[in-house]
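**Q** One structure, pasted below without further comment.
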Amino acid sequence: MTQQKFKRNCLIAVTLAAFALPLAVRSATYLHILIILYLYAYMTTTWNLVGGFAGVLPLGHSVFVGIGAYTSTILWLQYGISPWIGMLVGAVLAAGVGYLIGKPTLKMRGAYFALSTMAFVEGIRVMVENIDMLGPLKLNGPRGLNIPPLQAGEGSFWAFQFASKEPYYYIILTMLVAVLAMTSAISRSKMGYYLKSGGEDPDAAQALGVNVARYKVTAMAISSFLTALAGTFLAQLTLFIYPKSVLTLDLSFELAFIALIGGRGSIAGPIIGALLLRPVTEFSRIYFSSSLPGLHLIILGVVLIVVMLYQPRGLTEPLLRIFDRLAARFATTPPDSPDTPDTPALPGIPVAPGAPATASPREERP
Amino acid sequence: MKRSHLLAAVLTLCLTVPAMAFAAPSVKVGNILPLSGPSASVGQQGKQAREMAVEEINAAGGIKSLGGAKIELLYADSKSDPNVGVTEAERFINTEKVHLITGAWNSGVTYPTTAVAERYGVPYLVPVSVRDTITERGFKNVFRIAAKDSWWTRDQFTFLKDMQKEFGGTLSTVAFVYENGDWGTGFAAQWKELVKASGMQVVLDEPYSSSSTDLTPLVNKIRRAKPDVLLLVSNAADAILLTNTLADYKVSPKVILGSGGGHADPTFLSACGANARYVFDIVEWEADVNKPGAKEANEKYRARYGTNLTGEAVDAYVAMYVLADALERAGSLDPAAIRKALAETDYKTGPGMIVTYDAIKFDESGQNRNAALAIVQINDLGKGLERITVWPKAARRTGYTPVFPMPKK
Amino acid sequence: MDPVFLAQDCINGVLMGLIYGLVALGLTLIFGVLKVINFAHGSFLMVGMYVAYWTVTLSGLSPYPALVIIIPAMFLFGYWVQHLLIRPIFIAEKNVREPITVIIVTTGLWYVLDNLALLVFGPDYRALHPNPLKGQMLEMGEIFVSVPKLYGAMATLATAGGLHLFLQHTRLGRAVRATSLDREAASLMGIGQWKIFNIAFGIGTAVAGISGAVLTPFYNVYPTVGIPFDIKSFVIVVLGGLGSIWGALVGGVIIGLIESIGPNFMTSTWTEGIVYALFLLVLFVKPSGLFGQKQDW
């Protein structure tokens, strides 16, 4: 088979394996860790629409997680509306907020944009912490909102609560696969192309009449919508939300780190980043925290520094090159004819501004 | 291989296999604590207190009804984050297969992690977290040693009433100043209810951010409100900053009453010095309590770790003894048996019993019905600053008369 | 509202605001020259405070005389951080005006420094001993002025003045200004770009050291002490204009006044929100800040 076919088959195999995993892994702890891993990969992928494709650095993205979580929770607790519906309501709300935030801030240069997103998430956090009742809605300030669990051993799809981990696993995995497909489609669409060009050479793009700003804001709105869905999922998984859990800079930073270490503009970047970073932080916390508290954060900091110094575009590129070499070794027929279109056949290949469309030795930015 | 080697291997096997059969199982206790992050200081104290207790228990022969089984402590850092706490609780139960869990200091972490333990049927002993609702959910596996926070606030107001009766004079105005988190706002909500029956007028209701860089505006607000009573809920850094700033600006209410936590932190006295004099604080325990073994335990802890035991550390210490006592009575590692033994606890005497009250007994909701609080006053009696138990009157240190009201600055 | 109370609040607001400005001064200097926002700035302040604490504890000097040790120590620290961590990124991202990667590296540095301090020094809250300034107040009737804050405000003005003189009237200072205005042109003129960057970073860090010495007489030292100051510094730097010395001081005073006068109208927890709202307002209306240079944008 050709290289491309091989890569495609690999991808399908991995996806099927992920869906089949709960049949092999029965431990609730490991399923839980995988669920959180997929959740972070999901949130980082939606982050990537702004942070990778639009080329700016949002450091306040958890505000959308918070909006999603609080909206669905309040609707459930006070009005009995199913969290599935609440999820959509929260997502629409988040998209609106994303649009309002994006419009003025996406015109700014990198560091200022980053700072303003931080100010937004902190400002909203302060507001929620100080407000007990917002009109008829109970926000409960810093004490947060508790979702009463259903009776032990029972689950309900309507209430978005399940007795075991498997349903949560499948939900988040489906969300993740869906969002990856969506990102891949966007990257190949007109919008993705314009975002890429806007990132590479904004003046030329503008001269050609491309309204880069409009596409950036659209990307922001889509990203906010999708991120808020994760907020509801998180609320239903942990059954307890409070300002410092969902409206926090820590979460925003972590999403950015995962994407940057994985590779910002690429689709595989968030997954690879999550696969690398989350276990490192979890396991170093588990093994070191009682003897050397805070060590897991030192490790995270060092990893960040080292990766940014030596592979600032992220670890996806070198890893994919290894994958390509494997594919080449297994391919039995020569690659397709040179007339095939230049679009990447595989979602893993980076489409970041300035990045090569096929694997090649690392270039300096022009 | 050579015959002699084979013989040696077989002999070794013959010796170890029976030895393994006779080796007592160890009891695994998982402890969820904030070992890093903003509550790292108290998390470390909880860890130290547990270690000291378990060392003593194991040295005295472990759990005899389980063949001398030793208690093995495992720790998980919650970073004061409920999500991390939940992941760690699941890991303790499913991977580490602990027999018991204790934790988690932050009520916000204890609340969801006890739910996890309840779902799996693993007994969970809460030494410190005060939020009322932890034992109000009808759970069967959750037991708490500390008093509920509604008891703390109730005792604070009873103390104020008793002081007025004992020393005369009236307290007519009160200011509520509290940290803006879960703990502070919870206390404040209860104060607002309790104050209605007290006849005092609320002149200030001010939440503040624990990580404020400057508390002077807050102090000036207090100064202008001129309250008779200043009720505080503070974490350590802000308790220190607030006390120093209050002294600097010569704010002189008749009574300053803290709520434990930051005011009880070991570094509070050294960081504030004379500014902390005459401040009252409500705690579970104090080093001068009139109980056998209390002084020795405190000396030992102090020698090892450099600071006095705090109420929370004592709760952790006695929790280990309560666990050991329950395990002795259960005689098995079956969770249902352990749970039953815990529910039947009536711990009155023993090396761990250095708390102020007479027995640890859990009611149907798992709450220790005897948990009692004490009020201390910080004063210097010539030997440096110390915390002196003043209330209830029966527990007051002999020979000490509380200074009430505070002298004006 | 009582004019005496207002005066009291204004005085505190100005003094504390100037001290905030001092903390932000290091950050704005680094941005002005290198065009990078150092997210580890709060951690540098924390390091400065620990350095001040240990210098005083070990030598018995009071914090202000201890500056002779603190300033060079912090300068060297900053110099080497720039040289080892930031310079390689600049070289790799030569044509990007403000490398975003630096933000990430400095964030990593922040995590490392704060938790290293936790590991090495423990979570305890340390107060300065000996502390001749502890609790000293000037009392003018109802109005109280904190003496350590007064010293701090004076230190701020002295530092700002000193930096101004340095930048305007010394050869090295002029080289620094030239590099901040136009990196390429300055290097074409023979000014060693890397050396200037290292020096600027060193100076910014040394100013963080001065802030540490100023804060320790009335503020406790612990590993995460830098974080609330960090965020405030960003707000001040944007408010005043990145790169502007006087902007940092004016921005600091504005924040100080909001924090001190605000609680008369609302609880202090809301003033935090006002600060963020103001921050966003400035970003939308005049991103270059009060005194910033238009050409940055």
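The values are calculated or read from the model by the stated rules, or taken from the named source; none is laboratory data. Predicted model, so just to flag it, every value in this text is computed and none were measured. We place every Cβ from the backbone using ideal geometry, glycine too, and count neighbours over all the protein chains shown.
**Q** Just to be sure I understand the filter: pairs with C-beta atoms under 6 Å, separated by 6 or more residues or on different chains, first member in the stretch A:115-126 and within 11 Å of A:Thr248 (Cα to Cα) and within 7 Å of chain C (Cβ to nearest Cβ), second member crowded, with 24+ Cβ neighbours inside 10 Å and among the acidic types (Asp, Glu). Which pairs pass?
**A** Filtered contacts from the stretch A:115-126: A:Val126/C:Glu272.
**Q** Oh, and also: Residue check, B:Thr158 against (1) within 27 Å of B:Asn31 (Cα to Cα); (2) outside any loop (DSSP other than H, G, I, E, B), all met but one. Which one?
**A** If we test B:Thr158 against (1) within 27 Å of B:Asn31 (Cα to Cα); (2) outside any loop (DSSP other than H, G, I, E, B), just (1) comes out false.
**Q** Going through the stretch B:206-237 one residue at a time, which ones are hydroxyl-bearing (Ser, Thr, Tyr) and touching a strand residue (DSSP E or B) at 6+ places or on another chain (Cβ under 7 Å)? Outline the logic, then answer.
**A** The initial filter retains those residues of the stretch B:206-237 that are hydroxyl-bearing (Ser, Thr, Tyr), namely B:208-213, B:216, B:234.
Listed by number, the residues that qualify are B:Tyr208, B:Ser210, B:Ser234.
**Q** Hey, can you tell me all the residues within the stretch C:191-215 that are assigned to a helix (DSSP H, G or I), more than 14 Å from chain B (Cβ to nearest Cβ) and of a type in the set (A, V, I, L, M)?
**A** Narrowing the stretch C:191-215 to residues assigned to a helix (DSSP H, G or I): C:193-215.
Okay, now just the ones that are also more than 14 Å from chain B (Cβ to nearest Cβ), so C:193-210, C:213.
Residues satisfying the conditions are C:Ile196, C:Ile199, C:Ala200, C:Ile203, C:Ala206, C:Val207, C:Ala208, C:Ile210, C:Ala213.
**Q** Is it true that some residue in the stretch B:53-67 is touching a strand residue (DSSP E or B) at 6+ places or on another chain (Cβ under 7 Å), in the same structural domain as B:Tyr305 (by TED's automatic domain parsing) and without any contact (Cβ under 8 Å) to a residue 40 or more places away in the chain?
**A** There is at least one residue in the stretch B:53-67 that is touching a strand residue (DSSP E or B) at 6+ places or on another chain (Cβ under 7 Å), in the same structural domain as B:Tyr305 (by TED's automatic domain parsing) and without any contact (Cβ under 8 Å) to a residue 40 or more places away in the chain.
**Q** Moving on to the next point. Give the number of residues within the stretch C:216-237 that are closer than 22 Å to C:Tyr111 by Cβ and part of a helix (DSSP H, G or I).
**A** In the first step, residues of the stretch C:216-237 are kept if they are closer than 22 Å to C:Tyr111 by Cβ; the result is C:220-235, C:237.
Checking which are part of a helix (DSSP H, G or I) leaves us with C:226-235, C:237.
Counting residues in the stretch C:216-237 that are closer than 22 Å to C:Tyr111 by Cβ and part of a helix (DSSP H, G or I) gives 11.
For every residue, the table says whether it meets (1) touching a residue at least 60 places away in the same chain (Cβ under 8 Å); (2) in a strand (DSSP E or B); (3) in the same structural domain as B:Thr87 (by TED's automatic domain parsing).
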position	(1), (2), (3)
B:Trp105	yes, no, yes
B:Gly108	yes, no, yes
B:Ala115	no, no, yes
B:Glu118	no, no, yes
B:Val122	yes, no, yes
B:Val128	yes, no, yes
B:Arg137	no, no, yes
B:Arg154	no, no, no
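**Q** Return yes or no: is A:Ser224 within 12 Å of A:Val65 (Cβ to Cβ), in a helix (DSSP H, G or I) and among the hydroxyl-bearing types (Ser, Thr, Tyr)? Outline the logic, then answer.
**A** Details: within 12 Å of A:Val65 (Cβ to Cβ): yes; in a helix (DSSP H, G or I): yes; among the hydroxyl-bearing types (Ser, Thr, Tyr): yes.
When the stated conditions are applied, A:Ser224 passes them.
**Q** Evaluate the following for A:Ala18: is it out of contact with any strand residue (DSSP E or B) (no Cβ under 8 Å at 6 or more places or on another chain), under 13 Å from A:Ala274 (Cα atoms) and away from chain B (no Cβ under 14 Å)? Break it down into steps so the answer makes sense when it comes.
**A** On the way: out of contact with any strand residue (DSSP E or B) (no Cβ under 8 Å at 6 or more places or on another chain): yes; under 13 Å from A:Ala274 (Cα atoms): no; away from chain B (no Cβ under 14 Å): yes.
Taking the combined requirement at face value, the residue does not satisfy it.
**Q** Looking only at residues in the stretch A:1-15 that are under 23 Å from the mean Cα position of the chain (by Cα), of a type outside the set (Val, Ile, Thr) and surrounded by 13 or more Cβ atoms within 10 Å (Cβ to Cβ), which one is farthest from A:Leu275 (Cα to Cα)? Full working, then the answer.
**A** The initial filter retains those residues of the stretch A:1-15 that are under 23 Å from the mean Cα position of the chain (by Cα), namely A:8, A:10-15.
Among the residues that remain, those that are also of a type outside the set (Val, Ile, Thr) are: A:8, A:10-11, A:13.
Then drop every residue that is not surrounded by 13 or more Cβ atoms within 10 Å (Cβ to Cβ), which leaves A:8, A:10-11.
On the way: A:Arg8: 20, A:Cys10: 18, A:Leu11: 16 Å.
Here the answer is A:Arg8.
**Q** For the structure I just gave you, tell me whether C:Thr224 is within 21 Å of C:Leu85 (Cβ to Cβ) and either hydroxyl-bearing (Ser, Thr, Tyr) or loosely packed, with under 15 Cβ neighbours inside 10 Å (or both). Reasoning before the result, please.
**A** Details: within 21 Å of C:Leu85 (Cβ to Cβ): no; either hydroxyl-bearing (Ser, Thr, Tyr) or loosely packed, with under 15 Cβ neighbours inside 10 Å (or both): yes.
It is false that C:Thr224 is within 21 Å of C:Leu85 (Cβ to Cβ) and either hydroxyl-bearing (Ser, Thr, Tyr) or loosely packed, with under 15 Cβ neighbours inside 10 Å (or both).
**Q** Any chance you could count how many residues in the stretch B:36-52 are more than 15 Å from the chain's Cα centre (by Cα) and within 10 Å of chain C (Cβ to nearest Cβ)?
**A** 3
**Q** I'm told C:Gly262 meets every condition in (1) within 11 Å of chain A (Cβ to nearest Cβ); (2) over 30 Å from C:Ala66 (Cβ atoms); (3) surrounded by fewer than 24 Cβ atoms within 10 Å (Cβ to Cβ); (4) not basic (Lys, Arg) except one. Can you identify the failing condition by its number?
**A** The one condition C:Gly262 does not meet is (1).
**Q** Next up: Could you identify the single residue in B:Tyr278, B:Tyr178 that is surrounded by fewer than 23 Cβ atoms within 10 Å (Cβ to Cβ) and aromatic (Phe, Trp, Tyr)? Steps first, please.
**A** Details: B:Tyr178 fails: surrounded by fewer than 23 Cβ atoms within 10 Å (Cβ to Cβ).
The unique qualifying residue is B:Tyr278.
**Q** Report every pair of residues separated by at least 6 positions or lying on different chains whose Cβ atoms are under 8 Å apart, first residue within the stretch A:270-297 and more than 14 Å from chain B (Cβ to nearest Cβ), second among the basic types (Lys, Arg) and crowded, with 24+ Cβ neighbours inside 10 Å.
**A** none
**Q** For the stretch C:116-134, what are the residues that are crowded, with 21+ Cβ neighbours inside 10 Å and modelled with pLDDT of 90 or more?
**A** C:Ala117
**Q** Select, from C:Ser244, C:Ser288, the only residue that is among the polar types (S, T, N, Q), at pLDDT below 90 and within 18 Å of C:Gly204 (Cβ to Cβ).
**A** Working: C:Ser288 fails: within 18 Å of C:Gly204 (Cβ to Cβ).
C:Ser244 is the lone residue from the list that is among the polar types (S, T, N, Q), at pLDDT below 90 and within 18 Å of C:Gly204 (Cβ to Cβ).
**Q** Additional query: Can you pull out every residue in the stretch A:308-324 that is more than 14 Å from every other protein chain (Cβ to nearest Cβ) and under 14 Å from A:Gly52 (Cβ atoms)? Give the derivation first.
**A** Looking only at the stretch A:308-324, we keep the residues that are more than 14 Å from every other protein chain (Cβ to nearest Cβ), and these are A:316-324.
Of everything in the stretch A:308-324, those that are more than 14 Å from every other protein chain (Cβ to nearest Cβ) and under 14 Å from A:Gly52 (Cβ atoms) turn out to be A:Thr316, A:Glu317.
**Q** When the residues of the stretch A:47-64 are narrowed to those that are in contact with a Ser or Thr (Cβ under 6 Å, 6 or more places away or on another chain), modelled with pLDDT of 90 or more and part of a helix (DSSP H, G or I), which ends up nearest to A:Met118 (Cα to Cα)?
**A** Here the answer is A:Ser62.
**Q** In the stretch A:126-182, what count of residues is obtained for those that are within 24 Å of A:Ala24 (Cβ to Cβ) and part of a loop (DSSP other than H, G, I, E, B)? Full working, then the answer.
**A** Keep residues of the stretch A:126-182 that are within 24 Å of A:Ala24 (Cβ to Cβ), which gives A:153, A:155, A:162-178, A:180.
With the extra rule that they be part of a loop (DSSP other than H, G, I, E, B), the set shrinks to A:153, A:155, A:162-165.
Residues meeting the conditions: 6.
**Q** When the residues of the stretch C:280-291 are filtered to those that are surrounded by fewer than 24 Cβ atoms within 10 Å (Cβ to Cβ) and in contact (Cβ under 8 Å) with a residue 40 or more places away in the chain, which remaining residue is nearest to B:Val177 (Cα to Cα)?
**A** Filtering the stretch C:280-291 down to residues surrounded by fewer than 24 Cβ atoms within 10 Å (Cβ to Cβ) leaves C:280-288, C:290-291.
From the residues that got through so far, the ones that are in contact (Cβ under 8 Å) with a residue 40 or more places away in the chain too are C:282-283, C:287-288, C:290-291.
Values: C:Val282: 32, C:Leu283: 34, C:Pro287: 37, C:Ser288: 39, C:Leu290: 36, C:Phe291: 38 Å.
Top of the filtered list is C:Val282.
**Q** Something else: I'm trying to understand the selection: among the residues of the stretch B:222-249, which are within 7 Å of chain C (Cβ to nearest Cβ) and either aromatic (Phe, Trp, Tyr) or part of a loop (DSSP other than H, G, I, E, B) (or both)?
**A** Across the stretch B:222-249, the qualifying residue is only B:Tyr249.
**Q** Further, regarding this structure: Can you confirm whether C:Gly273 is closer than 30 Å to B:Ala236 by Cβ, more than 13 Å from chain A (Cβ to nearest Cβ) and not polar (S, T, N, Q)?
**A** On the way: closer than 30 Å to B:Ala236 by Cβ: yes; more than 13 Å from chain A (Cβ to nearest Cβ): no; not polar (S, T, N, Q): yes.
For C:Gly273, the condition - closer than 30 Å to B:Ala236 by Cβ, more than 13 Å from chain A (Cβ to nearest Cβ) and not polar (S, T, N, Q) - is not met.
**Q** If I ask for residues that are within 14 Å of B:Ser234 (Cβ to Cβ), aliphatic (A, V, I, L, M), more than 10 Å from every other protein chain (Cβ to nearest Cβ) and in contact with a helix residue (DSSP H, G or I) (Cβ under 6 Å, 6 or more places away or on another chain), which ones from the stretch B:164-221 would you list?
**A** Selection gives B:Ala175 alone.
**Q** Scan the stretch C:154-182 residue by residue and report those that are of a type in the set (Gly, Ala, Ser) and without any contact (Cβ under 8 Å) to a residue 24 or more places away in the chain.
**A** Of all residues in the stretch C:154-182, those of a type in the set (Gly, Ala, Ser) come to C:155, C:158, C:160-162, C:173, C:175, C:178, C:180.
Hits for the stretch C:154-182 are C:Ala158, C:Gly161, C:Gly162, C:Gly173, C:Ala175, C:Ala178.
To keep it simple, each residue is scored yes or no on (1) more than 17 Å from B:Leu385 (Cβ to Cβ); (2) touching a residue at least 60 places away in the same chain (Cβ under 8 Å).
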{"position": "B:Leu241", "(1), (2)": "yes, no"}
{"position": "B:Leu257", "(1), (2)": "yes, yes"}
{"position": "B:Gly273", "(1), (2)": "no, yes"}
{"position": "B:Arg277", "(1), (2)": "no, yes"}
